[in-house]
1. Mind listing whichever residues of segment B:70-104 are of a type in the set (Ser, Thr, Tyr) and crowded, with 17+ Cβ neighbours inside 10 Å?
2. Sort out for me the helices (runs of 4 or more DSSP H) sitting completely within segment A:39-121 that have 3 or more residues that are under 23 Å from B:SER138 (Cα atoms).
3. Do any residues in segment B:188-200 that are over 16 Å from B:VAL18 (Cβ atoms) have Cβ atoms under 6 Å from those of residues that are part of a helix (DSSP H, G or I), where the two are at least six apart or on different chains, and which pairs are they?
4. Give me the residue from segment A:138-153 that is surrounded by fewer than 17 Cβ atoms within 10 Å (Cβ to Cβ) and within 14 Å of chain B (Cβ to nearest Cβ) and, out of that set, farthest from A:PRO181 (Cα to Cα).
5. Any chance segment B:173-180 includes a residue that's part of a helix (DSSP H, G or I), within 14 Å of chain A (Cβ to nearest Cβ) and either surrounded by 18 or more Cβ atoms within 10 Å (Cβ to Cβ) or among the acidic types (Asp, Glu) (or both)?
6. Could you tell me whether any residue of segment B:105-115 is crowded, with 20+ Cβ neighbours inside 10 Å, of a type in the set (A, V, I, L, M) and either within 16 Å of B:SER43 (Cα to Cα) or touching a His at 6+ places or on another chain (Cβ under 7 Å) (or both)?
7. Any residue that is among the β-branched types (Val, Ile, Thr) and modelled with pLDDT under 95 - is there at least one of those in segment A:108-115?
8. In segment B:87-127, what residues are of a type in the set (S, T, N, Q) and either in contact with a Ser or Thr (Cβ under 6 Å, 6 or more places away or on another chain) or away from chain A (no Cβ under 14 Å) (or both)?
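The values are calculated or read from the model by the stated rules, or taken from the named source; none is laboratory data. Note that the structure is a prediction, hence the values are computed from the model and not measured. Positions of Cβ are generated from backbone atoms using ideal geometry, with glycine treated the same way; all protein chains shown enter the neighbour counts.
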Amino acid sequence: MYVIEANNIHKRFGSFEVLKGISLAVREGEVVAVIGPSGSGKSTLLRCLCNLDMIDKGSIYIENEPMAHETGSGSVRYAPDKQLRKLCRKTGMVFQNFNLFPHRTVLQNITEAPIAVAKVGRREAEDYALYLLEKVGLSDKKDVYPSRLSGGQKQRVAIARALAMKPRIVLFDEPTSALDPELTGEVLNVIRDLARDNMTMIIVTHEMGFAREVADRVIFMDEGEIVEEGVPSAIFTAPRMKRTESFIGKVICL
Amino acid sequence: MTEYIFSILPSLLGGTLVTLEIFVITIMCSLPLGLVLAFCRISRYKVLSKSVGIYIWLLRGTPLLLQLFFVYYGLPYFGITLDRMPAACIAFVLNYAAYFAEIFRGGIQSIDKGQYEGAKVLGFTYLQTMFRIILPQSARRVLAPVSNEAITLVKDTALVYAIGVGELLRATKIAVSRDAVTTPFLAAAAFYLVMTFALTKLFELLEERFGAYE
């Protein structure tokens, strides 16, 4: 069974087609890195997978349950609201810009959704939040507001917040792109730990070294299509497609 | 002099009570009404958002005094006759709700869309997102304009004098006419200043309280 399965998804903004038929299936425990130039549709793909953007064609299944599927007439039917929210809770999302709740402390950021959405008791939610904070190395920050944190710390809180809902898969949308270079390491280390714990993840990233190291599979996207995918060693050292080769050549030079 | 001021104090205080009554009723009713109107204004249902847009245009685009006259003198022609005080409160609530609606709309729309997305991926419903994430942050941003309106309201209450409600200004004017002195005006000014000063302080406290996370 796939944790998440997307079939031939299309997405357009106005007349611009951002995704031109993407198919992707992720197995439990798999770490998939998505790389590609800016504007290639990587982020949109993630946003479609967690229902922040709606697809125009194709289907998305989460643990075999349809989040969106194509009807006979070719239009896309989404699951009813309640079902949709239930399915979306299985996917955690970590944003480039963290999107922490500034009016809540670190601990409250993490417990807010478990308490309000998953209806977990406050005590239980807090205990689990403290465990997660320890995991991301921020136990001492539990009572401060996000404005007092560095970018790297904010992102680690955001990861803990996503994990608090016990998702089946975590999507990372360029988790280190908004960070100062010296702060990316601490965030990547947390993601590395998650990979070690067999968390299923899709990571959109520009950190090629990191992608190569943690991913079981690398997907190269360009102009709304998956150009090539394979194990990291193949993609990075022996790409089959010209476009992949030229992209890898460019980013490795840098 | 002091003796004179003490002699008019009871009637001024009585007037102040009426002023405060209008103030409290208006604030208590127009804030929630304004919030509801703000939600309608940003609703994706065009009819709802447009009608509220027209409402706001009408209520902000005509003098409050005219609206007061309309409710008190005009509505009887439509078979609705109200006492002075209820008429005054209704006019004020309807008018201030329009202003608050626009302030709240601005506050809500000033929140980054990442906050909605962060909440959505965690499974919050629209209402949960509003009440737990968006409104608490908007509250901080709307405090300054709301305090402006609240202070204006204290002084606007003097308008109800025009339909004969015995508030502070009317009590003052009665004393001035009766005793042929201008001292009551100064006393009234002092009363208004005390009220607006208290409000200013209250809002400063609220801003500190709501801004603690910044």
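1. B:TYR72, B:TYR96, B:TYR99
2. Because the criterion is at least 3 residues that are under 23 Å from B:SER138 (Cα atoms), the helices (runs of 4 or more DSSP H) in segment A:39-121 that meet it are A:106-116.
3. Cβ pairs passing all conditions: B:THR196/B:ILE151; B:THR196/B:VAL154; B:LEU199/B:ALA150; B:LEU199/B:ILE151.
4. Once the filter is applied, the top-ranked residue is A:ASP143.
5. Scanning segment B:173-180, I find no residue that is part of a helix (DSSP H, G or I), within 14 Å of chain A (Cβ to nearest Cβ) and either surrounded by 18 or more Cβ atoms within 10 Å (Cβ to Cβ) or among the acidic types (Asp, Glu) (or both), so the answer is no.
6. There is at least one residue in segment B:105-115 that is crowded, with 20+ Cβ neighbours inside 10 Å, of a type in the set (A, V, I, L, M) and either within 16 Å of B:SER43 (Cα to Cα) or touching a His at 6+ places or on another chain (Cβ under 7 Å) (or both).
7. no
8. B:ASN95, B:GLN109
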